[in-house]
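Report on one structure; see the data block that follows.
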Amino acid sequence: MGAALFLLVAALTVVAALGVILHPNPVKSALFLVVTLFLLAAVFVLLEAHMIAALQIIVYAGAIMVLFLFVIMLLNLRNDDPERGRRRYVLRGLAWIGGVALAIELALLVRGASVGSAGSAPAGYGGAAAVARSLYTDFLLPFELTSILLLAAVVGAVVLAQKQRRPTLS
Amino acid sequence: MGLIEVGIAGAKAFAVLMLVLHMSAVLLWVERKGSALIQDRIGANRANIFGVMPVNLGLINTLVADPLKLLTKEDVVPAGADKLLHFLAPFLAVFPVMVTFAAIPFGDQLVIGGHTINLQVAGLDIGILYVLAMSSLAVYGVVLGGWASNSRWALLGAIRGSAQMISYEIAMGLALIGAVMTFGTLDMQAIARAQGHHFFGLIPAWGVFYQPLAFLVFLIAGIAETKRVPFDLPEGESELISGYFTEYSGMKQAAFMLSDFAESVVVAGLATTLFFGAWQVPLLFRDGFHLPGGAIVALPHLAVVGLQIASFTVKVFALCVFQILVRWTLPRYRYDQVMDLGWKYLLPLALANMLVTGIVIVLLG
């Protein structure tokens, strides 16, 4: 039951992820990314990581992707390809090289990994208390550093978005 | 899981779905008649069944005639619209609102024939996060409805709506954090149980007494999330016709309206659960009423559970009616005022509330 459900969700996730890179329309492509992130949350639920699943939807599917869509809609992007001519073929070539390199890396990793049964998760694993405990003890420093990084980003965005003040005569 | 458990789960889900749908329909009537009362009009009154009803009840109009009319109307898809997304958007607007109610408890435990039934569709340990996650998905119905319609008014409404909903979601989430810190759990049934004691054996210890500021911020942000007056900029009928659902007709337009009302019910349900003692009845315990002075009025189990469910329904309905009163009392904000209120007042207030709550919790040890 659990394994069948996982396989179904995982297959759908891959299909949605393919939709992101293959669909020519930017809005549809972004929507496929929303579906992908939602299905990833479903995978997290199947792995008992409820907290991460909820955060995945709140932060990625619910907030960041809305901003993506917002920008795409404001710029009114349609189906045209921004890159034309020779430059386009160079970019395609580079993408192929990068993709093949990633695929080889992944294959080597999978060959070297040992797949055993993980055993069942302890009670409360992946709940709010367990995640919070590890976040505020073992990973306190990275957590705080990330929050400072985000704060800097927020301040930067506010400064950039401010109305341009007229240059004063001095 | 046996057949009986599956049946019980199904029955609970069905009951909650019906509660939200019927509450929305009754609210539509309350809104029509209530707004008429406030504005000194008669309101919806032209409905009768083949002229045989002794009195003209506006209720028939709203609950029977209106849905029939909407169901039989032509469904227009504008030229140049994205057909798939135009079709999908009303569903995306309704679905997240309906599933949000799964985490809200509408009663304590019901014991029948050896089965202990938790009166909550899904007993999630991360209940509040689930609610926030689902409500954050509600934006897509608005955004896609506006974009797929291929209309300027609709697109403007969608852009206003998405910006407004994202902004107020933050204030709403932070206000809820204050309440969560007080109760120390994200499980909504546990939060409901934690509000079961009384100050001086008389005043119920509801969340609103611990977190008045959080309640205020939550309610304002919640009303903004439902996109109703004074925050109805995404619809703004005097500027944008009807905003993101301008190009919808018939049942699809009704789906958007339904989602608005259902969102009000969800906001009321959340406020009830976190700030007004959920299904708790003042002075009512598992065995009956404990009156001040030590007297106990014993009640059978079924009566207690019935009172709890009734209490929850009445509180949710009262908060819904309050939202309608707000809607027909205040004028619409200007868009920059909406953004200012969200970012410059509610957000700092919610943050300050979190800070003070944290300090008090640390001081009380």
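Please treat every number below as a calculation from the coordinates, not as lab data. It should be emphasised that the depicted structure is a prediction, and the values quoted were computed from it without experimental measurement. With ideal geometry, Cβ positions are generated from the backbone for all residues, glycine too; neighbour counts draw on all protein chains shown.
Put simply, the amide H of B:F289, placed in the peptide plane, has neighbours under 5 Å in B:V297, B:L299, leaving out anything fewer than 5 places away on its chain. Among the lysines of the protein assembly as shown, pairs at least eight places apart or on separate chains and with Cα atoms under 18 Å apart come to 6. The mean number of partner chain beta-carbon atoms within 10 angstrom of a residue's beta-carbon across peptide B:136-147 is 4. The charge dipole of chain B, taken about its Cα centre with unit charges on the Cβ atoms of Lys, Arg (+1), Asp and Glu (-1) only, comes to about 460 debye. Annotation: amide H-H contacts under 5 Å for B:D232 (H modelled 1.01 Å from N, sequence separation of 5 or more, or interchain): B:Y333. Near B:I117, the amide H atoms lying under 5 Å from its own belong to B:L110, B:V111, B:I112; only residues 5 or more places off or on other chains count, and H is placed 1.01 Å from N. In order along the stretch B:63-80, the Karplus-derived 3J(HN,Hα) couplings, from 6.51 cos²θ - 1.76 cosθ + 1.60 at θ = phi - 60°, round to 8, 10, 5, 5, x, 4, 4, 5, 5, 9, 6, 5, 9, 9, 10, x, 5, x Hz, and Gly and Pro are given as x. The C-alpha atoms of chain B define a longest principal axis, and helix B:127-137 lies at about 10 degrees to it. Across the stretch B:208-218, computed HN-Hα scalar couplings (Karplus, 6.51 cos²θ - 1.76 cosθ + 1.60, θ = phi - 60°) run 5, 6, 7, 10, x, 5, 4, 4, 4, 4, 4 Hz from first to last residue, x flagging Gly and Pro. Working from Cα pairs under 8 Å separated by at least six residues, relative contact order for the stretch A:1-78 is 30 percent. Of interest is the spacing of the C-alpha centroids, which for the stretch B:136-207 and the stretch A:1-42 amounts to 27 Å. Across the stretch A:124-163, counting alpha-carbon atoms alone, Rg and Dmax equal 15.0, 49 Å.
Modelled this way, with points 7 Å down the Cα-to-C-beta line, the labels at A:L160 and B:L17 are 4.5 nm from one another.
Each residue in B:S135, B:S311 was given a count of other beta-carbon atoms within 10 angstrom of its own, and listing them fewest first yields B:S311, B:S135. Taken as Cα centroids, the stretch B:69-101 and the stretch B:216-272 sit 15 Å apart, rounded to the nearest whole angstrom. For chain B, the longest principal axis of the C-alpha atoms and the axis of helix B:301-329 are separated by about 40°. Shielding of peptide B:119-131 by partners, expressed as the average count of other chain Cβ atoms within 10 Å per residue Cβ, is 3. Using Cβ point charges alone (K and R +1, D and E -1), the dipole size of the protein assembly as shown about the Cα centre works out to roughly 1060 debye.
The C-alpha atoms of chain B define a longest principal axis, and helix B:139-148 lies at about 10 degrees to it. Ordering A:Y125, B:Y130 from the fewest to the most neighbouring beta carbons within 10 Å gives A:Y125, B:Y130.
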